[in-house]
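Okay, structure first, notes after.
The values are calculated or read from the model by the stated rules, or taken from the named source; none is laboratory data. If you're wondering where the values come from, they're calculated on a predicted model, not measured in any experiment. Backbone-built Cβ (ideal geometry, glycine too); neighbour counts: all protein chains shown. Surface areas here come from the heavy atoms of the whole protein model, side chains and all, with no ligands, DNA or RNA. Shrake-Rupley method; radii C 1.70, N 1.55, O 1.52, S 1.80 Å.
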Amino acid sequence: MIEKYVFIVTYGRSGSTLLQAVLNSIQGYCIRGENNLAILPLYRSTQRLLKAKQDYRVKPIPSNHPWYGLDNIDLDRYTRSLVDAFVTNVLIPPADCRVCGFKEIRYYAAEEITELLDFFRTAFTDSRIVFNTRDALAVARSRWNAKMDQAAVVESVHRMDAVFADYQAKHPEQTYLVLYDQYAKDPSKLEGLFDFLGEAFDPVIVGRVLSEKLMH
């Protein structure tokens, strides 16, 4: 049974796959990789229905009304069913999973990023958000971004970092921020994250995971 959800929120070339591997070293954890931010249209679907229900408050809505049936929609139940479908068919937690989630880098595609993060906190049971950050110049100079406009990459990273820091400051009970440049050199820098998640920190295991070469 899933006890809680953990979401790694970040941007490309931030070292998030390494953090994903660290969390997956915890017994009972299943933190999946990227899914092209498939959760975003699900969230937007709930908001479109919410707006429609706010705009058309007539009850009951007669059969000759263009929004006939809108008043019968249970938005809470609809949201729960979308979340259940996402967990069952996208995250696909194994039988022994107690903490599930995923990491994603495409939050730049969501204009309503803070609202989406609110959706994570409220629609998923006992959820936690981990913001993974990295030095902007290091991100810009990574092999993946080498041919891109370096100034634009740095600006994008700084913008996302500001969003992450602001959101974390407003929701410290459910969010945590880590810096790749710190924990990649010193595994003990992740001990606070483990405390935040309520998990025992084993420096040997974490150090071993951090030293493993990634497939990509």
Excluding ligands, DNA and RNA, what is the solvent-accessible area per residue of the chain at a probe of 1.4 Å, expressed in Å²? 56 Å²
Using a Gaussian network model of the chain with C-alpha springs under 10 Å, which one of 157, 204, 99 is most mobile by mean-square fluctuation? 204
R0 of 41 Å, Cβ-Cβ distance residue 53-residue 141: FRET efficiency to nearest 0.05: 0.25
How large is the translational diffusion coefficient of region 92-216 in µm² per second when you combine the Kirkwood radius over alpha carbon pairs with Stokes-Einstein at 20 °C and 1.002 mPa s? 130 µm²/s
Over all viewing directions the Cα convex hull of region 43-95 casts an average projected area in nm² of 4.5 nm²
Jot down the radius of gyration and Dmax of the chain, Cα atoms only, both in angstrom. 19.6, 68
Please quote Rg/Rh for region 1-98 to two decimal places, taking the Kirkwood radius as Rh and restricting both calculations to Cα atoms. 1.14
